[in-house]
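Colleague: One structure is given below, represented as structure tokens, and several questions about it will come after.
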Amino acid sequence: AQAPVKVTVTGAAGQIGYALLFRIASGQLLGPDKPVRLSLLEIPQAVRAAEGTAMELDDCAFPLLAGIDITDDPRLAFDGVNVALLVGARPRTKGMERGDLLEANGGIFGPQGEAINAGAADDVRVLVVGNPANTNALIAQSHAPDVPAERFTAMTRLDHNRAISQLANKLKAPVSSVKKMTIWGNHSATQYPDIFHAEVDGTNAAAAVDDEAWVRDQFIPTVAKRGAAIIEARGASSAASAANAAIDHVHDWVNGTPAGDWTSVALPSDGSYGVPEGLISSFPVVSQDGRWEIVQGLEINQFSRERIDASVAELVEEREAVRKLGLI
Ligand code: NAX
């Protein structure tokens, strides 16, 4: 029998955790032939709730689930970890300044980065979901000097999937006909969903839409503000769709992206497309042999350039802010 893959989920008792854990345990994260061992990390007040979720996981009798550990100690949670899903974060509450938010999250992602550095398996892959995801990933990565930087990623797959769905809907085409969507920059309202390289049934998506006003005034803001629209409608933030995107992200990272397509991932820049090196920014990527590679050589028009630069500028500011706070 194969040794189980250790998957650690932080914020396991939260709403994304609840939507995520059952899919991991059923084999959707890594594949139907890969046993998993779950490690749930929570803050002390939420350990009991995580235990409740673990009871439900037991009650599913998932054949691939080799065991569940629950702890409030990052060192234990990340010991031997192969896949780390960093979902738990400090949300912005009323009256909180951006500096306070970054500092509170630095207090979470710094120690988690250290624990990953100390104990993770050699093949560890890290996905940060908790916001501000890109900068939280940067903080964790900077505390894990012995882990290759490229193993630290932040999630823009939900934005990517939202963009595919909006475009398919506009063109009355099935989502499966949309390829090569790209999210650039920060997982925030400045993100830039780019359809200039996307294809619908093999034809260029921007040409098929042929309506710059729709792209500028409808498509981009709808994708970028979708999270707020979900909160407004549901009374709670995206959970199942966020969990779904995390599953997609890790699945593609481990198993590869399909031929003729790519996806979007925030990862440490190698300087491609004018994004400062080391900044964790979203790019078009393919996964090959278990590694992300940035798609090279795309022509960036003026419309796209301005929007990529604006989102990257926001990430540079966030990096400066956490540097000043001594968090990286
Ligand atoms: P919840 O508030 O339901 O759950 C968060 C959980 O994290 C709580 O159970 C809390 O106890 C736990 N937690 C807090 N600090 C922790 C720590 N130091 N160690 C371990 N656990 C800790 O939030 P939920 O709706 O699940 O969202 C989680 C995060 O995902 C939020 O930061 C949210 O902003 C972010 N999102 C990111 C998205 C993305 O596309 N990147 C989309 C969805 C979501 O908004």
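The values are calculated or read from the model by the stated rules, or taken from the named source; none is laboratory data. Everything quoted here is computed from the prediction, not taken from an experiment. Positions of Cβ are generated from backbone atoms using ideal geometry, with glycine treated the same way; all protein chains shown enter the neighbour counts. Ligands, DNA and RNA are stripped out before the accessible areas are found, and what is left, the full protein with its side chains, is counted by its heavy atoms. Shrake-Rupley method; radii C 1.70, N 1.55, O 1.52, S 1.80 Å.
Colleague: So which residues in region 252-274 are within 16 Å of the ligand (Cβ to nearest atom) and either polar (S, T, N, Q) or more than 21 Å from Gly185 (Cα to Cα) (or both)?
Modeller: Residues satisfying the conditions are Thr263, Ser264.
Colleague: Kindly list the number of the only condition in (1) more than 30 Å from Gly27 (Cα to Cα); (2) open to solvent by 40 Å² or more (accessible area, probe 1.4 Å) that fails for Asn244.
Modeller: (1) is the only condition that Asn244 fails.
Colleague: Something else about it: Determine whether Phe283 is outside any helix (DSSP H, G or I) and touching a residue at least 60 places away in the same chain (Cβ under 8 Å).
Modeller: Criteria met by Phe283.
Colleague: If you don't mind, another one. Within region 209-225, can one find any residue that is more than 21 Å from Thr153 (Cβ to Cβ), in contact (Cβ under 8 Å) with a residue 24 or more places away in the chain and within 16 Å of the ligand (Cβ to nearest atom)?
Modeller: yes
Colleague: Something else: Take region 117-138 and flag every residue that is within 13 Å of the ligand (Cβ to nearest atom) and in a helix (DSSP H, G or I).
Modeller: The answer is Ala133, Asn134, Thr135, Asn136, Ala137.
Colleague: A follow-up question, please. Looking only at region 150-161, filter to residues that are buried (at least 24 other Cβ atoms within 10 Å of the Cβ) and more than 20 Å from Ala140 (Cβ to Cβ); which one of those is nearest to the ligand (Cβ to nearest atom)?
Modeller: Asp159
Colleague: Return a yes/no flag: does region 83-97 have any residue that is open to solvent by 30 Å² or more (accessible area, probe 1.4 Å), within 16 Å of the ligand (Cβ to nearest atom) and part of a helix (DSSP H, G or I).
Modeller: no
One line per residue, one yes/no per condition, for (1) open to solvent by 60 Å² or more (accessible area, probe 1.4 Å); (2) within 30 Å of Pro268 (Cβ to Cβ); (3) in a loop (DSSP other than H, G, I, E, B):
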{"site": "Ser165", "(1), (2), (3)": "no, yes, no"}
{"site": "Ser176", "(1), (2), (3)": "yes, no, no"}
{"site": "Ala213", "(1), (2), (3)": "no, no, no"}
{"site": "Gly227", "(1), (2), (3)": "no, yes, no"}
{"site": "Ser237", "(1), (2), (3)": "no, yes, yes"}
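Colleague: Ok, one more. May I ask you to verify whether Ile195 is within 15 Å of the ligand (Cβ to nearest atom) and touching a helix residue (DSSP H, G or I) at 6+ places or on another chain (Cβ under 6 Å)?
Modeller: no
Colleague: Report the residue count in region 275-302 for those that are more than 26 Å from Ala189 (Cβ to Cβ) and open to solvent by less than 30 Å² (accessible area, probe 1.4 Å).
Modeller: So the count comes out to 2.
Colleague: I'd like the full set of residues that are more than 19 Å from Ile247 (Cβ to Cβ) and open to solvent by 40 Å² or more (accessible area, probe 1.4 Å), limited to region 10-59.
Modeller: Across region 10-59, the qualifying residues are Ile43, Pro44, Gln45, Arg48, Ala49, Glu51, Met55, Asp58, Asp59.
Colleague: Pairs only if they're at least six apart or on different chains, beta carbon under 8 angstrom, first in region 64-82 and of a type in the set (Phe, Trp, Tyr), second not in a strand (DSSP E or B); list them, first residue then second.
Modeller: Taking only residues 6 or more apart or on different chains, the pairs are Phe78/Gln112; Phe78/Ala115; Phe78/Ile116; Phe78/Ala118; Phe78/Gly119; Phe78/Ala120.
Colleague: Further question on the same structure: Any idea which of (1) within 20 Å of Ser281 (Cβ to Cβ); (2) open to solvent by less than 10 Å² (accessible area, probe 1.4 Å); (3) more than 21 Å from the chain's Cα centre (by Cα) is the one His197 doesn't satisfy?
Modeller: Single failed check for His197: (2).
Colleague: Ok, one more. Taking Asp252, is it charged (D, E, K, R) and open to solvent by less than 30 Å² (accessible area, probe 1.4 Å)?
Modeller: In short, yes.
Colleague: What's the total number of residues in region 163-190 that are on the phi < 0 side of the Ramachandran plot and out of contact with any Ser or Thr (no Cβ under 8 Å at 6 or more places or on another chain)?
Modeller: Of the residues in region 163-190, 14 are on the phi < 0 side of the Ramachandran plot and out of contact with any Ser or Thr (no Cβ under 8 Å at 6 or more places or on another chain).
Colleague: Consider Pro111 against the criteria (1) more than 17 Å from Val254 (Cβ to Cβ); (2) open to solvent by less than 10 Å² (accessible area, probe 1.4 Å); (3) in contact with a His (Cβ under 8 Å, 6 or more places away or on another chain): it satisfies all of them except one. Which criterion is unmet?
Modeller: Of (1) more than 17 Å from Val254 (Cβ to Cβ); (2) open to solvent by less than 10 Å² (accessible area, probe 1.4 Å); (3) in contact with a His (Cβ under 8 Å, 6 or more places away or on another chain), only one is false for Pro111: (2).
Colleague: Mind checking which pairs have a first residue in region 1-27 that is within 15 Å of the ligand (Cβ to nearest atom) and a second that is open to solvent by 50 Å² or more (accessible area, probe 1.4 Å) and hydrophobic (A, V, I, L, M, F, W, C), Cβ under 8 Å, 6 or more apart or different chains?
Modeller: Ala12/Ile70; Ala13/Ala49; Ala19/Ala240; Phe22/Cys60
Colleague: Looking at Trp184 and the list (1) open to solvent by less than 50 Å² (accessible area, probe 1.4 Å); (2) away from the ligand (no atom under 16 Å from the Cβ), which single condition is not satisfied?
Modeller: (2)
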